[in-house]
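Undergrad: Dumping the structure here so I can ask a few things about it.
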Amino acid sequence: MKPVEIVLVYQSLLGIYGDQGNAKILVNRLKWRGIDAKLTSVEPGDALPADAALYLLGGGEDAAQVSAVNALREDGSLFNAVDDGAVVFAVCAGYQITGNSFTIGENDDVVEGLGLLDVDTRRGAKRAVGELLARWTRPDGSDYLLTGFENHGGYTRLGSAARPLAQVEIGIGNNGDGTEGAVQDRVIGTYPHGPVLARNPALADHLLELALDRHLDPLPDAEVEGLRAERLAFVRRTGR
Ligand code: GLN
C-alpha cells in the first residue's frame, strides 16, 4: 500500500512557531500503528504534491503569510487536493491564509486568502497572547479539551459555510466571541501552537481518521495524558 503522505507547507515562511512538530506527531502516530507514512516538506518554488493525504500549514509573520498565500495560489495544487478530499490542518497564520481575507501591517491592508475556509480576519482590539483552553466536541459526541498557546493580532470571524472547531474556556480564540478555529468539509483551522497536536493527540488522531477515512485504534497515551492533566490544572489555576 502507498504510504500516507503528509505535506509540510513552506517551513521557511510558516515555520517560526514550532508548528512543524505537528507533522512529526502525525507521522509517528501512523508509524506506531504500523501504517507507512511519508513526510514531504515543500518550499515556495517547489511543486506542491496534489495527491497527498494531509497538508499542514503553520504560523508565521505578516509578510511571510502574504508570500505564502501568493505562492500557494500560484502553485494551485492545494485547491485540487482539497477538491479531491485531502485534509488541510492550518494553524494561526496558516489558518488566516486559508480564509477569504486577512489584514496585515499598520495600514490594515486587506489581502485575499485561499478561500478554503469561509472566514475573514481583521486586526483585533488587542493581541491575543497566552494559554488557550477550548472545548472540542469530537465526532462521537464526547468532549476533549484542547490546549495550546495563542499569539495573534488578527481576529477571525466565521461565515455561514464554516463552523467553529471548539468553544473557548480560557483565552481569546477566534475573536473573543467564545469560538475557536473553523471547520469546513475537510479543512480545519485553529489558533493554538504548542505544537497543538503534541499537546492534543486526540486531535491528531481525528485528522488521521479523516485522512484515512477509517477508525484508528487508540494508542497507549497515558504519559501524554498525565502531562495534559498537569497543563490543564495549571492553565485553570493561572487563567489569563
Ligand atoms: N501574523 C498573524 C497575526 O498576528 C499570525 C501570527 C501567528 O501565526 N502566530 O495575526
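Computed from the coordinates by the stated procedures, all read-outs in this text should not be read as laboratory data. Keep in mind the model is a prediction, meaning the values are calculated, not measured. Glycine also receives a Cβ, built like all others from the backbone with ideal geometry; neighbour counts cover every protein chain displayed.
Undergrad: Taking the Cα centre of each part, how many Å lie between the range 58-131 and the range 23-52?
TA: Centre-to-centre (Cα) distance: 21 Å.
Undergrad: Checking the cross-link filter: which aspartates and glutamates have an alpha carbon closer than 15 Å to that of K31, excluding same-chain neighbours under 8 positions apart?
TA: Those aspartates and glutamates meeting the cut-off are E5, D205, E209, D217, D221.
Undergrad: I would also like to ask the following. Counting Lys +1, Arg +1, Asp -1, Glu -1, what net charge surrounds V9 among other residues with beta carbon under 12 Å of its beta carbon?
TA: Around V9, the charge tally is -4.
Undergrad: If you add up the charges near D109, with Lys and Arg at +1 and Asp and Glu at -1, over every other residue whose beta carbon is less than 15 angstrom from its beta carbon, what do you get?
TA: -4
Undergrad: In debye to the nearest 20, how big a dipole does the chain give about its Cα centre with +1 on each Lys and Arg Cβ and -1 on each Asp and Glu Cβ?
TA: Its charge dipole is roughly 740 debye.
Undergrad: Within a 10 angstrom radius of the beta carbon, how do S142, S12 rank from fewest other beta carbons to most?
TA: So the residues, fewest neighbours to most, are S142, S12.
Undergrad: Considering only P3, L78, W32, whose Cα is most displaced toward the positive end of the charge dipole of the range 1-125, charges sitting on Cβ of Lys, Arg (+1) and Asp, Glu (-1)?
TA: Towards the positive end, the residue furthest out is W32.
Undergrad: Check cross-link reach from K24 to the lysines: straight Cα distance under 28 Å, and skip same-chain residues fewer than eight apart.
TA: Reachable lysines: K2, K38.
Undergrad: Please name whichever of W136, L14, P49 sits farthest to the positive end of the charge dipole of the chain, dipole taken about the Cα centre and charges placed at Cβ: Lys and Arg +1, Asp and Glu -1.
TA: Selected residue: W136.
Undergrad: Compute the longest continuous run of the chain that contains no exposed GluC sites (Glu not before Pro); treat a site as exposed when its DSSP state is not H, G, I, E or B and it has at most 15 other Cβ atoms within 10 Å.
TA: 107-240
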